[in-house]
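Contents: one structure, followed by commentary.
Derivation of every value follows stated rules applied to the coordinates shown; laboratory data play no part. This is a predicted model, so every value here is computed, not measured. FYI the Cβ positions are ideal-geometry reconstructions off the backbone, even for glycines, and counts take in every protein chain you see.
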Amino acid sequence: VDQLSVLGGLKMEPYCKDGVLPFDLMGKSVVNHGQNLPYFADALALHAQSTDIGVGKAIEEDNDGLKLYQCPTK
């Protein structure tokens, strides 16, 4: 994941309000307790899985509460 793209996304509405960005994830490998599970990996590689991730909160926690993004002023 390109960090500059994530920070850029966090500066756009509506993502700047709650720090949650949408991600499309594609599976490459699945490992469970050290065992590769190719049947799961093959299935996950066929279709993107969409999810929302609260990266804004994670960035704040990693920077001692410093908010590195804000909504644009009008």
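If I ask for residues that are outside any helix (DSSP H, G or I) and either touching a helix residue (DSSP H, G or I) at 6+ places or on another chain (Cβ under 6 Å) or surrounded by 14 or more Cβ atoms within 10 Å (Cβ to Cβ) (or both), which ones from region 39-67 would you list? Across region 39-67, the qualifying residues are Ile53, Lys67.
Exactly one residue out of Lys57, Lys11, Lys17, Lys74 is among the charged types (D, E, K, R) and in contact with a Phe, Trp or Tyr (Cβ under 6 Å, 6 or more places away or on another chain), and it is Lys11. When region 1-38 is filtered for residues that are hydrophobic (A, V, I, L, M, F, W, C), within 20 Å of Lys67 (Cα to Cα) and assigned to a strand (DSSP E or B), only Leu21 remains.
Tally time: how many residues in region 47-62 are of a type in the set (A, V, I, L, M, F, W, C) and touching a strand residue (DSSP E or B) at 6+ places or on another chain (Cβ under 8 Å)?
3
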